[in-house]
1. With each pseudo-label sitting 7 Å past Cα toward Cβ, what's the GLN76-GLU298 distance in nm, one decimal?
2. For HIS14, what accessible surface area do you get with a 1.4 Å probe? Give it in Å², rounded to 10.
3. In square angstrom, what is the accessible area per residue of the chain with a 1.4 angstrom probe?
4. Mean separation of Cα pairs under 8 Å and 6+ residues apart, divided by the residue count of the chain: what relative contact order is that in percent?
5. Using a simple spin-label model with points 7 Å from Cα along the Cα→Cβ vector, what separation in nm is obtained for ARG376 and GLU31?
6. LEU50's amide H: which non-local residues (gap 5+, or another chain) put their own amide H closer than 5 Å, with H modeled 1.01 Å from N in plane and none for Pro or chain starts?
7. Assign one of three labels to the range 252-406, namely rounded, prolate or oblate, based on the Cα gyration tensor with a ≥ b ≥ c the square roots of its eigenvalues; rounded applies when a/c is under 1.5, prolate when it is not and a/b is larger than b/c, and oblate otherwise.
8. Given H placed 1.01 Å from N in the peptide plane, which residues other than close sequence neighbours of SER122 have an amide H under 5 Å from its amide H?
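The values are calculated or read from the model by the stated rules, or taken from the named source; none is laboratory data. Model, not experiment: these values are computed from the prediction. No Cβ is skipped: glycine too gets one built from the backbone with ideal geometry, and neighbour counts run over all protein chains shown. Only protein heavy atoms, including side chains, enter the accessible area calculation; ligands, DNA and RNA are left aside. Shrake-Rupley method; radii C 1.70, N 1.55, O 1.52, S 1.80 Å.
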Amino acid sequence: MEDKQVLTVTPDVHWVGVLDPDLIRFDVVMETKFGTTYNSYFIDADKKALVDTVKEPFWPVFLEKLKQLTDPAEIQYIIVNHTEPDHSGCLPQMLKAAPNATVVGSGNAVRYLRDQLGVEFSHLIVKDGDKLSLGNKTLTFIGAPNLHWPDTIFTWLEEDKLLFTCDAFGCHFSHPVMFDDTVGDFSEAFTFYFNVILKPYSKFVVKAIAKIASLPVYAICTGHGPILRKDWKKYVDLSGQLAAAALELPKKNRVLIAYVSAYRNTASMAERIADGIREAGAGLEVDMFDMEGVPMAEVERRVEEAGAVIVGSPIINQNILLQVYQLFAIMNPIRDRGKLAGAFGSYGWSAEFMKSMETNLLNLKLNFIDKGVFVRFTPHENELRECLLYGQLFGEKMLEEMAKCAG
Ligand code: FEO
């Protein structure tokens, strides 16, 4: 079906976004089994305004939709709630089509757009609480940073009681009817989106929800997926609950020992390190597992829940193994910053690449302690004792960190 429709949100506000039902992966890494939409809204006020644009390849469709409602040259303001290119991608073309338009966004948004566009543009930087008159309508801007970039704001349209939130409260779910009360069940997509995109920023989710709590909202106009006009509160509350649960993590007393092992040499080391940690304190928990064959989503869940991470790898062909690189790829400096970290493993003729585990963990902003424990080929009694002592040292450090947090 050709995507030509515009939708009425209120008599003066229309959805002019686009459907991308066949998208199978977003931002390279996120599966989108329900496709997605890139939502943009046209506000037909005395001074015409657009809230966000859409991903660049959809420019022709987007322009056609806008032309159904207005002459794009008459648009005076383009509100940019967030500058990730799935929302700002059509801004260069839009500024050509609306040459008198002023781009409105946070200071960060304007800085990011300068780099994205490579040219100067007319802009207005807004801060939390700033208002912008559109003549017969008023926009109020709400600082909502890190949802999910530092640039993000929400925009409140007072007269229509619409809150434009871009990524927040959205989800990757494509359905042409677009409203929460007509698209069917999208709860799976909503929770998955929250977990992948917003969960690392849960404390900012909680702050943003507090800021909007007293607004008399008619509908939340999201940047992806259904417009929330019937059950918007359900999705705000669910976001708050998911964020609160995420903030309970990590468990400071839990250490994850994640390893791979070809001949059980690295596995034996893991077991002795675990013994050492348990000996360091009865209150310490060890979550130890071999990553081979374990889905990365499961590995990520266990990383998220742990207050400390120790990574183990053998060396094969002078390199650590793929599963360990994948572990580093799913670690997140925003979520995992400051966690205690360590490394271990068995090598053969070259120990050179063992250092890369420390380098990766430090680059990911974890707190790498000591220097790790590495053994040539098979760990015998002395080497296993070294692993035990390393585990004890690691456990003692965990207890010190826990005492600092408690104090
Ligand atoms: Fe939908 Fe963070 O962009």
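1. 5.9
2. Its accessible surface works out to 30 Å², give or take rounding.
3. 43
4. This gives 11 percent for the chain.
5. With each label placed 7 Å out from Cα toward Cβ, I get 4.5 nm.
6. Close amide H contacts, sequence-distant or interchain: ILE43, TYR77, ILE78, ILE79.
7. Oblate shape, in that a/c is at least 1.5 and b/c is the bigger or equal ratio.
8. Residues meeting the amide H criterion: VAL103.
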